[in-house]
1. In the range 17-57, how many are acidic (Asp, Glu) and surrounded by 19 or more Cβ atoms within 10 Å (Cβ to Cβ)?
2. For the range 170-184, state whether one or more residues are at pLDDT 95 or above, of a type in the set (Ser, Thr, Tyr), within 20 Å of Gly217 (Cα to Cα) and surrounded by 20 or more Cβ atoms within 10 Å (Cβ to Cβ).
3. Under 6 Å between Cβ atoms, which residue pairs at least 6 apart in sequence (or on different chains) link something in the range 107-121 that is in a helix (DSSP H, G or I) with a partner that is surrounded by 16 or more Cβ atoms within 10 Å (Cβ to Cβ) and at pLDDT below 95?
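The values are calculated or read from the model by the stated rules, or taken from the named source; none is laboratory data. In this text the structure is predicted, and so the values were computed from the model without any measurement. Counting neighbours? That spans all protein chains shown, and the Cβs are built from the backbone with ideal geometry, glycine included.
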Amino acid sequence: MKRSIPTGSSTTHAVIVTYRPDMSALEAQLARLRPQVSAIVLIDNASDEATRTALDELASRFSATLLVNPRNLGVAAALNQGIDRARSQGATHVLLMDQDSLPAIDMVATLHAALARLAVHGPVAAVGPVAEDLRNGDLAPFVRIGFPLNRKIPASAGQDVRCDFLITSGSLLPMAALDAVGGMDEGLFIDNVDLEWSFRAAGAGHALHGVGDARMGHRIGEGVRRLPFGASFVHSPVRLYYMMRNRVLLYRRAETPGLWIAQDVPRALLKLLRFSLLVPPRGANTRAMLAGLRDGLLGRSGAKPDNAG
């Protein structure tokens, strides 16, 4: 298998968190990643026994390390486990990946080249690829926070875009940046983990950049529904709980930009109305979101309580 690991002194470990993964999608991802990185760490958050058996086989086939959590610790904690393992094995960089993303065959090398180019101008927390929706081919822009609306900036070939946050999947992080900024906030469990870390990195003086030449297939949500006033990604009630709770928790953080809070509050209200009135299961969505808002106001973090929503 031809390998395209970046040359020089960098050692990149891919960190992939799994939870009941689509095994064919994960296999395709590993096949793409294996030639591009020095090592792969899979962290499984309490999938069923059959899935764990399949993960064992995949890990063996792609020479990956598999860490299995007996219960679901959340995305943030699992990412930190993978980062700690990579650090202990001497990695200089980590590539964070969702379980169903599909990197281009040259994504990691392209991100490394951009990181080296951009680091000349100051500390860089992370660089990330352009995410292409695997369902419809739409290219996600990068975001600069604005009011009343964020600025969405497409990254064309040959262009690097300074942005205010990057999604977790596909992000290449120098270990030095993680040492300076800290790991992922495990109290958030899932949702807005990448946003919170990006805000903390910016507060520590580290930049984030999207890289137009780097590409990755990606899925957001459980589907897309056409609604009045535009389309919306569909999420389960459990995810809606975390989305609402964690945004309120971020409102309380010193590192969170006030401009982001100002534009996000009306967006949260719009999400509450949309998923309560237009997206089934409307009752379950409403209960989950209201429970999330309540727990966020009360400062509760960690895993969703069984009786919340």
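1. Of the residues in the range 17-57, 1 are acidic (Asp, Glu) and surrounded by 19 or more Cβ atoms within 10 Å (Cβ to Cβ).
2. Our first condition is that a residue be at pLDDT 95 or above; within the range 170-184, this holds for 170-184.
If we keep only those that are of a type in the set (Ser, Thr, Tyr) too, we end up with 171.
The next check asks that each one be within 20 Å of Gly217 (Cα to Cα); those that pass are 171.
Next, from what is left, pick out any that are surrounded by 20 or more Cβ atoms within 10 Å (Cβ to Cβ): 171.
Yes, the conditions are met somewhere in the range 170-184.
3. Ala109/Pro6; His112/Pro6
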